[in-house]
Amino acid sequence: MSYKLPDLFIEQIKGVHGDEASEWLNNFEGLIADCEEMYGLHIQQPFNLSYNFVAPATTSDGSEVVLKVVVDQKEFEAELHALQLLSGESTVKVLAFEKERGIMVLERIRPGQTLAEIEEDDKATLIAANVMKKLMVPAPVDSNLPTVLDRENSLKRIYQHYNSYHPVSKATIEEALFITEKLNISIDEPYLLHGDLHHYNILANGDFWTIIDPKGLIGDREYEVVQYLLNKLPEHGVEEITEKRIDIFVDVLNLNKERVLLRAYSHAVLATCWTIEDGHVKESFLNTIQVFKHLVRKYI
Ligand SMILES: Nc1ncnc2c1ncn2[C@@H]1O[C@H](COP(=O)(O)OP(=O)(O)O)[C@@H](O)[C@H]1O
Ligand SMILES: [Mg+2]
């Protein structure tokens, strides 16, 4: 089957991967043909794409699966390793993979709506909190998985080039780095986190909820909630919703609220700077910096 990949997807992966993206795009048709042949797949139109190729497919015996091809090799390895370490009833199953080209065949989750479809924010947050509760396990002793120290280093690099991160100010980046350093040296027990557990990575699976797309981040449990806090926010009343979300997470997961607020603030700064690196500042992330800054000042 031949595809015309969406222009926005092409632009995004070029923004993130530069020259490597061009090579990947040139080989794309062949890659898809190989996947169809190797696994006997009939690949359908992709899901909404952001940074990787993800599409539903059927196998020769008619069963439904999902093909995911991850462009970045390191990210692929971390995702695969995390899926293996987090395997269980709440985690999507890996049916086959090929490391060299970042290919995974996954079980297809049905009906598969994302948690973003739940209108009531408290209800969605409670579901996410309960999924997290089942998921988090103590960090493996030896692994190449990314850690919160990598996040600290990323902020350090950003701080050295703060001029390139307008409209995020130097003082804000400095504060985020300072907070991250303090939090990283005071982790009681490191956990293996999903690392990107927002609404769009939690899917309805019959009567249950299943996670996809882990980053496999090693860090404190408080870090696990920050991606959720940055997503699916209303135009008005963001602070109020955010506070409610935080209280639900703190309660269900027995988290330290101060650490959650500090992680949320410093991660919002980092995540916003990453969107600037990718070519467009994400306004919704930028707004959360102010919200979390205000909450930090209010409670700490
Ligand atoms: N196993 C699956 N079953 C059903 N839908 C899936 C599955 N994997 C991915 N999807 C759909 O594709 C979207 C993107 O997949 P994801 O793995 O999150 O890609 P990315 O790494 O680009 O975020 C998800 O939000 C979901 O809607
Ligand atoms: Mg995803």
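All of the numbers you see were taken from the coordinates with simple rules; none came from a lab. As the structure is a prediction and not an experimental result, all values here were calculated from the model. Every residue, glycine among them, receives a Cβ derived from its backbone with ideal geometry; neighbour counts consider all protein chains shown.
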Keeping to the stretch 1-57, report how many residues are surrounded by 14 or more Cβ atoms within 10 Å (Cβ to Cβ), among the hydroxyl-bearing types (Ser, Thr, Tyr) and under 26 Å from the mean Cα position of the chain (by Cα).
1
Count of residues meeting criterion [part of a helix (DSSP H, G or I) and more than 14 Å from ASN52 (Cβ to Cβ)] in the stretch 16-37
10
Please verify whether PRO46 is closer than 18 Å to PRO111 by Cα, in a loop (DSSP other than H, G, I, E, B), touching a residue at least 24 places away in the same chain (Cβ under 8 Å) and within 16 Å of ligand 1 (Cβ to nearest atom), treating the condition exactly as stated.
yes
When the residues of the stretch 179-195 are filtered to those that are away from ligand 2 (no atom under 16 Å from the Cβ) and in a loop (DSSP other than H, G, I, E, B), which remaining residue is nearest to LEU155 (Cα to Cα)?
ILE185
Among the small types (Gly, Ala, Ser) and surrounded by fewer than 18 Cβ atoms within 10 Å (Cβ to Cβ) - does that describe any residue in the stretch 100-107?
no
Of all the residues that make up the stretch 192-210, how many are of a type in the set (A, V, I, L, M) and either within 8 Å of ligand 1 (Cβ to nearest atom) or closer than 17 Å to PHE249 by Cα (or both)?
4
Scan the stretch 197-229 residue by residue and report those that are charged (D, E, K, R) and either in contact with a Cys (Cβ under 9 Å, 6 or more places away or on another chain) or away from ligand 2 (no atom under 13 Å from the Cβ) (or both).
ASP207, ASP220, ARG221, GLU222, GLU224
Considering every residue within the stretch 181-191, establish whether at least one is touching a Leu at 6+ places or on another chain (Cβ under 7 Å) and away from ligand 1 (no atom under 16 Å from the Cβ).
yes
Exception for GLU100 within (1) touching an Asp or Glu at 6+ places or on another chain (Cβ under 6 Å); (2) more than 15 Å from ligand 1 (Cβ to nearest atom) falls at (1)
